[in-house]
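Values quoted throughout were computed directly from the atomic coordinates according to the rules given, and no laboratory measurement underlies them. In this text, all values refer to a predicted model and were calculated from it rather than measured experimentally. Because the Cβ atoms are built from the backbone with ideal geometry, glycine has one as well, and the counts that use them run over all protein chains shown.
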Amino acid sequence: MNIIVPIKQVPDLVEELEVDSSGKSLDREWLKFKVNEFDDHALEEALLLKEDTGGTVTAIALDGDDIDKALFAAAAKGADRVVKITGVDGAPTNHQAAKAFANALSSLDYDLVFTGVQSVEDRDGQLGVLLAHYLNLPHISVVTGVSVSGSGVNVQKEYGGGVIAEFEAATPIVLGIQAARETPRYVPVAKVRRAMRSTEMEEMTAGDISVGAGAEIQRMFKPESSGSAEMLSGSAEEIASTLADIIKNKM
């Protein structure tokens, strides 16, 4: 199986986050970035599948903050190819990112596409769904396990309450990975540096990423303190009546 794994860098949430002067985005000047946790799981699941059945793994990413290091780290972990997509300015929406990835994938050979199920800075968590749309492929999300079955794959999907369903799917297909079967492997800095010297960084242009949909941020701000909490007591009927009065007075 030839597997493609889109990855992205996201702000490290242990850092202090500040809103920039526009009031619509984070101030990224001093932020530290790391690979999105779910993308790391997607890469790990792809590498495990490669080790089980053969094939190749290609890590691909939009150009951006420290993305070269992230791609070389993927190579150090075992990715066969690393590809950087150029020509996308600023912080693209998931629609624009999905279109850029779809444009790049049109010239690549693959059976599976593993995306992270979401990222910490997503507003919709729909990159995998949108990518499948632009590629005209089926999609399964919240995936916790993948195995090869004949010419297709068996896919485990998690539902609410810990319920797991299993699907038989033909390839090619896009899968949104929730968790890999094993903890994503650690790669030391020395191995990443060796990958930088020995791995070719391929580049592709994003092409036309104009789309007619997507969310637009109007304002970002830190949570504002609004006073203390009020604890309600009494029977369920009394609490419901009190709560209804509070809501009416706030309207």
In deg cm²/dmol, rounded to the nearest 500, the helical mean residue ellipticity at 222 nm of the chain, built from -39500 (n - 2.57) for every DSSP H run of length 4 or more, is -9000 deg cm²/dmol
Provide the packing ranking of 60-73, 139-152, i.e. peptides ordered by the mean count of other C-beta atoms within 10 Å per residue, highest first.
60-73, 139-152
In nm, to one decimal, how far is the modelled label at Ser225 from the one at Ser22, with both set 7 Å along Cα→Cβ?
3.1 nm
Of the listed pairs Lys77/Lys157; Lys77/Lys222; Lys84/Lys157; Lys8/Lys157, which have alpha-carbon separations greater than 28 Å here?
Lys77/Lys222; Lys84/Lys157
Taking every DSSP bridge whose two residues both lie in the chain, the antiparallel percent to the nearest 5 is 40 percent
Whole-Hz Karplus couplings 3J(HN,Hα) for segment 161-172, θ = phi - 60° and coefficients 6.51, -1.76, 1.60, Gly and Pro as x, run x, x, 6, 10, 10, 10, 10, 9, 10, 7, 9, x
Rounded, prolate or oblate: which fits segment 184-247 when a ≥ b ≥ c are the square roots of the eigenvalues of the alpha-carbon gyration tensor, with rounded for a/c under 1.5 and prolate only if a/b beats b/c?
prolate
Least to most buried among Met251, Met1, by other C-beta atoms within 10 Å and fewest first, runs Met251, Met1
Taking 0.36 nm per intervening residue step and subtracting the Cα-Cα distance, what contour gain separates Ser149 from Arg197 on full extension?
13.6 nm
Quick one: if the Förster radius is 45 Å, what FRET efficiency do Asn249 and Val129 give, using the C-beta to C-beta distance and rounding to 0.05?
0.65
Residue of Arg193, Arg81, Arg219 that the Gaussian network model of the chain assigns the largest fluctuation, springs spanning Cα pairs under 10 Å:
Arg219
Output wanted: per-residue J couplings in Hz (rounded whole) for segment 34-41, from phi through Karplus 6.51 cos²θ - 1.76 cosθ + 1.60, θ = phi - 60°, x for Gly and Pro.
8, 5, 3, 4, 6, 5, 4, 5
Specify whether the C-alpha gyration tensor of segment 100-223 places it in the rounded, prolate or oblate class, a ≥ b ≥ c being the square roots of the eigenvalues: rounded for a/c under 1.5, otherwise prolate if a/b is larger than b/c and oblate if not.
rounded
Phe114, Phe33 arranged by Cβ crowding within 10 Å, fewest neighbours leading
Phe33, Phe114
Nearest 5 percent is fine: what portion of the DSSP beta bridges confined to segment 6-121 is antiparallel?
35 percent
Translational diffusion of segment 131-189, µm² s⁻¹ [Kirkwood Rh, Cα pairs; Stokes-Einstein; 4 °C; 1.567 mPa s]
102 µm²/s
proj_area_mean for segment 2-205 (convex hull on C-alpha atoms), units nm², value 11.9 nm²
Using a Gaussian network model of the chain whose springs link C-alpha atoms within less than 10 Å, name the residue from Asn103, Asn94, Asn136 with the highest mean-square fluctuation.
Asn136
How do Phe101, Phe221 rank when sorted from fewest to most other Cβ atoms within 10 Å of their own Cβ?
Phe221, Phe101
Could you tell me the distance between the Cα centroids of segment 96-152 and segment 1-46, to the nearest Å?
17 Å
Where a ≥ b ≥ c are root eigenvalues of the Cα gyration tensor, a/c under 1.5 meaning rounded, otherwise prolate if a/b exceeds b/c and oblate otherwise, segment 73-135 counts as rounded
